[in-house]
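Notes to accompany the following structure.
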Amino acid sequence: MKPIYLIQPNFRSKFNGRDNYWLPYTVGTLWAYARQFSEITQNYTLAKFIIKRDDITSLVDTFEDSSVFAFSCYVWNWEYSKALAKAIKKKYPLSHIIFGGPQVSKRPLETNFFKNHPYVNSIVIGEGEIGFVKCLKDHALGKNQKIFHSERLNDLEIPSPYLTGLFDQLISENPDVIWNATLETNRGCPYQCTFCDWGSLTYNKVKKFDLTRVFHEMDWIGANCGFVT
């Protein structure tokens, strides 16, 4: 099975002398959704979450060749993600690198995207779950399509990365970190403000997560995290 690294780098902050990091909610949600499918679990195994901006050369040395690297790209990690992906592809040319997230969905029509970013094998555009699964299934079959347009989910009855234990190992391996968490109660927005990624990405249909799930996630966050947004 191919190792898959889920990469959502964020910045370190300090509180009472302790490091603060955000749990990688986006890539965690993608993997919680993807591992429902046997075609995924039979072909891929989760290797590690990458959340820290470690020295790129040292970090790349810890990876395995022929792995899959899935990046969630935002404006605050775009430059680091590109540099890391470039270094991965240079050292491991057989790796498969996937880019997604607002920074990618904002530029699907960028002229010569793959010429400008030759280290990227595939991109997922739109709400990520369905497109991410399509991309992994496609790669498992050796097809390696480049662009995947992801449809919105019809409902939000999807696994929670918090409640399914996806972050338990990450937390246990970093006992001195104060974790910050994202609480997602809905998706979509009736507006399309020019300064905001959310409305422009999901258009105007608001969909809500089940309140029982939200309350359980709040309990989990309260037990494991220092901050929430």
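Between segment 134-163 and segment 43-66, how many Å separate their Cα centres?
Answer, in whole Å: 21.
What ranking of 196, 73 comes out by heavy-atom accessible area, probe 1.4 Å, highest first? Intermediate results must be reported in sequence, preceding the final value.
Details: 196 45, 73 0 Å².
The ordering from most to least exposed comes out as 196, 73.
If pairing requires two Cys Cβ atoms under 4.7 Å apart, which cysteines of the chain are left without a partner?
73, 135, 189, 225
How much accessible area does residue 37 have with a 1.4 Å probe, in Å² rounded to the nearest 10?
So the heavy atoms of residue 37 present about 60 Å² to solvent.
I need the helices of the chain that pass two filters: whole DSSP H segments spanning 27 Å or more by Cα along the axis, and mean Kyte-Doolittle score no lower than 0.0. Please list the in-between numbers first.
On the way: long enough: none.
Helices passing the filter in the chain: none found.
To the nearest 10 square angstrom, what accessible area does residue 219 show with a 1.4 Å probe?
Accessible area, nearest 10 Å²: 100 Å².
Among 26, 93, 7, whose Cα lies farthest out toward the positive end of the dipole of the chain, if unit charges sit on the beta carbon of Lys, Arg (+1) and Asp, Glu (-1)?
Toward the positive end, the furthest listed residue is 93.
Work out, step by step, the length gained on full extension between residue 216 and residue 176: first 0.36 nm times the residue separation, then minus their alpha carbon distance; give nm to one decimal.
Numbers: separation 40, 0.36 × 40 = 14.40 nm, distance 2.44 nm.
Gain on stretching residue 216 to residue 176: 12.0 nm.
Going by Cα centres, segment 68-86 and segment 1-16 are how many Å apart?
11 Å
Pairs 52/146; 52/86; 2/48: which exceed 20 Å Cα-Cα? Numbers along the way, then the final one.
Details: 52/146 27 Å; 52/86 17 Å; 2/48 12 Å.
Check vs 20 Å cut-off fails for 52/146.
Put a dot 7 Å past each Cα toward the Cβ at residue 196 and residue 208; how far apart are the dots in nm?
Here the modelled spin labels are 1.7 nm apart.
Per the Debye formula with a single identical scatterer at each Cα and no solvent contribution, what log10 I(q)/I(0) holds for segment 1-77 at q = 0.19, 0.20, 0.27 Å⁻¹?
Per q value, in the given order, log10 I(q)/I(0) is -0.88, -0.94, -1.33.
Quick one: what Rg and Dmax do you get for segment 95-176 from the alpha carbons, in Å?
Considering segment 95-176 through its Cα atoms, Rg and Dmax are 15.4, 45 Å.
So what's the back-of-envelope 222 nm ellipticity for the chain, counting only DSSP H runs of four-plus at -39500 (n - 2.57) apiece and dividing by all residues, rounded to 500?
-9000 deg cm²/dmol
The values are calculated or read from the model by the stated rules, or taken from the named source; none is laboratory data. Bear in mind the structure is a predicted one, so any value in this text is a computation, not a measurement. Cβ coordinates were reconstructed from backbone atoms using ideal geometry, including for glycine residues, and neighbour counts include every protein chain displayed. Ligands, DNA and RNA are stripped out before the accessible areas are found, and what is left, the full protein with its side chains, is counted by its heavy atoms. Shrake-Rupley method; radii C 1.70, N 1.55, O 1.52, S 1.80 Å.
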